[in-house]
Structure formats: structure tokens, C-alpha cells
1. State the number of residues belonging to region 425-451 that are in contact (Cβ under 8 Å) with a residue 40 or more places away in the chain and within 24 Å of Val269 (Cα to Cα).
2. Of the residues Glu404, Glu364, only one is more than 18 Å from Asp447 (Cα to Cα), touching a residue at least 40 places away in the same chain (Cβ under 8 Å) and surrounded by fewer than 21 Cβ atoms within 10 Å (Cβ to Cβ); which?
3. With Gln205, Gln154, Gln159 as the choices, which residue is over 23 Å from Val299 (Cβ atoms) and surrounded by fewer than 22 Cβ atoms within 10 Å (Cβ to Cβ)?
4. Considering every residue within region 155-165, establish whether at least one is under 25 Å from the mean Cα position of the chain (by Cα), farther than 24 Å from Ser312 by Cβ and more than 12 Å from the ligand (Cβ to nearest atom).
5. Do any helices (runs of 4 or more DSSP H) lying entirely in region 196-254 carry at least 2 residues that are within 16 Å of the ligand (Cβ to nearest atom), closer than 25 Å to Gly366 by Cα and of a type outside the set (Phe, Trp, Tyr), and which ones are they?
6. Looking only at helices (runs of 4 or more DSSP H) that lie completely in region 1-91, which have at least 1 residues being within 30 Å of Leu450 (Cα to Cα)?
7. Looking at (1) part of a loop (DSSP other than H, G, I, E, B); (2) within 15 Å of the ligand (Cβ to nearest atom); (3) not basic (Lys, Arg), find the lone condition where Ser268 falls short.
Amino acid sequence: MHTIDIELVEMTLDVMKYAIDRISNVTPDLGSPKKEEELLRIVGETITPEGIGGENAFQLFRDVLVKATVPIDHPRHLAFVPAAPTRAAIMFDLVTSASSIHGAYWMEGAGGIFCENQAMKWLVSLTGLPEGAFGVFTSGGTAANLSALVTARQEWREQHPGNDHTRALLITSTGAHSSIKSMAKVMDADVHLVNSEDEFLSGDQLRSALRELSESDRNRVFAVVATGGTTNAGIIDDLRGIAGVCENEKIWFHVDCAYGGGALAAKSVRHLFNGIEKADSITIDPHKWLFSPYDCGAVIYKDLELARKAHSQKGAYLEIFKDEGAQGFNPADYQIQLTRRLRGMPLWFSLAMHGTNKYRKAIERGIKLAKIAADKVKEKENLELIRPASLSVVLFKRKGWTFEDYRDWTYKNHNSGFALVTPSLWKGESVIRFCFINPDTTKGDIDAILDTLD
Ligand SMILES: Cc1ncc(COP(=O)(O)O)c(C=O)c1O
């Protein structure tokens, strides 16, 4: 499979040409999905005993299949949490694959793990966590949240030896991301949701919620999860207040900044995160607002050793690390995966190339675009701003529209290849949600989207 032949060289050239064309194209076509039967009808079965040939398979991808996908970095893709990986990061993602490095242990991955750790050092510095805090890159926010919560529960059990078989309970708010509930299910833990209509959890609300628990439930609480930028509205919980309660009550304090974490680098909003420096663990997704290609999340711990106790895997074949050069940071010890891609390498290269100031500027641009959009919404008679822009999210209504109107508008814009903007809910009512990540989105893009609401 590894012999160099003509076909391989041609395929490599095709792939490199495609990659160069794609990263130079700042407005790629906004594709939309087709039914699976239709895709199969067009491309036919692609896995055959003899293979269909690299040129052919690549052509099918380039001419048909990729057109049934949405480029997440399109400047008018403002749905969900978009992304806008830098060109440097994308190119280095190719290098990461081509280098074939195992990212679990220093013994095999030292040079690559060094790169990741350089990038991690910067992330940790943004949090203000004390000396000794450190983290590791994961496949995304869900895996980072799970890794942190497993560590939290393990520590809770260490501190309360009678609880080895007690079902653990975590507290979070209704504004928290769905992955928190999902990962609690994976852990077979319970979730107590503090109802916060405004997607904002305060220290006082948390204190009351704890007071209202029965004694046996209070004894099961192993963690509080606050959100540093709700996915729906960009709202940051009262991290300082929550940190105070967690400190008094001796509860693990996790902050999920999967979406908002990039804004820790933005001076204009950094103060909103005050209190994060008291966290026991933090999730940040570089594949959201730190311009990394999918997939790249990060989990950071105040006390890395607690993560090692929870995650370090033991196995007869894993006991070899005796050589001095093999003594180093082992990413597998601090999160749920063993074999892992060096996901932090594209971020490292891009940070090393551009410097952190450019990152700060690009993140401020997302915040500015949200403010610009909110101002434009306010100027339009037929629109109603629901709340001030928060981080890079804007929520607003088209007066008189029902959910069906929002849905039809979304599909019309998507199917015509113009924009992808999806509706959401705010206090039970349908709204339009803009989430800005791509610094290349322009005022003209915002105007053009708002004009489709006339
Ligand atoms: C606040 C928050 N937490 C967690 C996640 C899950 O992250 P991922 O999709 O990278 O697993 C998201 C995703 O949007 C998020 O916004």
C-alpha cells in the first residue's frame, strides 16, 4: 500500500491542488444536503473489491459530494457555532496527518506534544489559573466536558470514601449546553437543572438551589457546571459568585467555555469572565472561536494530577516508559482517549505564525460584528432586537413571523446558496440567531441577510 506509483503521485497532486484552491477561496459555494439515495444514484457504489481508482474517487468527492456539504467558514454562515480555521492551521492539519505521529505518549510524540503544549500554555495563561494548571487537547467540547466531569467525580469519591457506589449529582443551569446532560448520562450521573429563564446562573441562584436540595441529594453533589458563553445567546454566568459558593461548599467548579473561550483573549469582554481563575476545570474549543480546523477542543485543570488519577490507563503493554527521553507529558493521562491525533498542532502552527495579537484582533472582530448587526436590527422597522448582542451572538425577531416563516426563510436562503442562518428560541418564542466567528464577514453580508427579511 505504501509503494510510490504514478497513480499515487497524481492523486497527491490533485489533492494538494484542491487544498490550495479551497483555502484560497474565501467565498466557497454554500452547498446543501441531498438525499442519500440521490447521492448514491449519482456516484454509485465506491467501495469495490478492486477499488475505483484515486482519480475517480477524488473527482466524485470534488464534483459531487463536497457540494452536498456546507463550508463552515462561509462568511454568511452564521448558524449554530460556525468556524473559520486559518489557512495556516488548515495547511498544518495536512502536515499533522502526513507526519503520522501518535499523540498519546511523550515516548512517541514528544516533538508534536511540545507544539501542542506551547499552544496550551497560551490558552492556560488566558484563564488566569494559578501556576501548575495545565490542559490537553481533546476531540471537542463534549469530550473535554466529559474528561473534566469524570475527574471531578473521581476526586469527590476520593474525598468522600463512602460514596464509591453513590450516584453522583451535578448542578448546572438551563442555559448549559446539551453536552453536559448527555455526558452525565454517559457517566450515569444525575443532573439538577437550575431554571434560569435568562440563560444566566448567579451565585445567589446556585446557593438557593443547594439549600433547597434534600440532605441526601446535597451529599451527592460532585460538581457545578457554569457556562462561559451560552451557545444560544452568548451569556456568561456569574463566574465570580459561583466560584465563591463552590469554594465555601467545597464543590468542584467547572466552566464550560467551549464556545466563549476564545473571548478570554478579547480585552473588551475579558472582565465578564472574572472568577474563571478559581475554576477547577475549564473547557475551551479551539475549533469554535480560535480558528482551528475540526476537530479540536481543550480541557484545562487547576490540578493536573487529579486528572491523571482519573484518566491514566494501565496495561501490560503500556509499562515501557523507562528511557529518559520518554519522560514527559503524556496527553493520554488527562482525558478520555488513549490513541489520539495531535489536534493542537494546527493551532500551534497558526499561533506561531501569526502571533497572539492577530488572534485577539480577529476575536474582537466577531464581537464588533455582533454589535454592528444589533445596531442595524434596531434601525429596521420590521425587526425587533430581543437583547443586546452578547459575545458574538445576536438574537432578534422578524415582527409578525411564525416558526414556519423562519423555517421557510432559512431554507430559501440555504437552498439558493446565499446564506445559512437558522432560527432559535428565546423564552419559548422563535427568534433569528446570528453567531459571528469569521472575521471576513462584512457589513455588506449583514445588510444583505437583513434585506432578505424585508
Ligand atoms: C457551551 C458549549 N459546550 C459544549 C459544546 C460541545 O462541543 P463539541 O461540539 O465540540 O463537542 C458546545 C458546542 O456548541 C458549546 O457551545
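1. Selection size over region 425-451: 13.
2. Working: Glu404 fails: touching a residue at least 40 places away in the same chain (Cβ under 8 Å).
Residue meeting the stated conditions: Glu364.
3. Working: Gln154 fails: over 23 Å from Val299 (Cβ atoms); Gln159 fails: over 23 Å from Val299 (Cβ atoms).
One residue alone meets the criteria, Gln205.
4. no
5. Details: elements: 203-212, 215-218, 239-249.
Qualifying helices (runs of 4 or more DSSP H): none found.
6. Numbers: elements: 6-24, 36-43, 54-60.
The helices (runs of 4 or more DSSP H) meeting that bar are 6-24.
7. (2)
Yes/no matrix, rows are residues, columns are (1) farther than 13 Å from Phe434 by Cβ; (2) more than 26 Å from the chain's Cα centre (by Cα); (3) among the acidic types (Asp, Glu):
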site: Glu381; (1), (2), (3): yes, yes, yes
site: Arg387; (1), (2), (3): no, no, no
site: Val394; (1), (2), (3): no, no, no
site: Trp401; (1), (2), (3): yes, yes, no
site: Asp408; (1), (2), (3): yes, yes, yes
site: Val421; (1), (2), (3): no, no, no
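The values are calculated or read from the model by the stated rules, or taken from the named source; none is laboratory data. The shown structure was predicted, so the numbers you read here are calculated from the model rather than taken from an experiment. Note: ideal-geometry Cβ built from the backbone for every residue, glycine included; neighbour counts use all protein chains shown.
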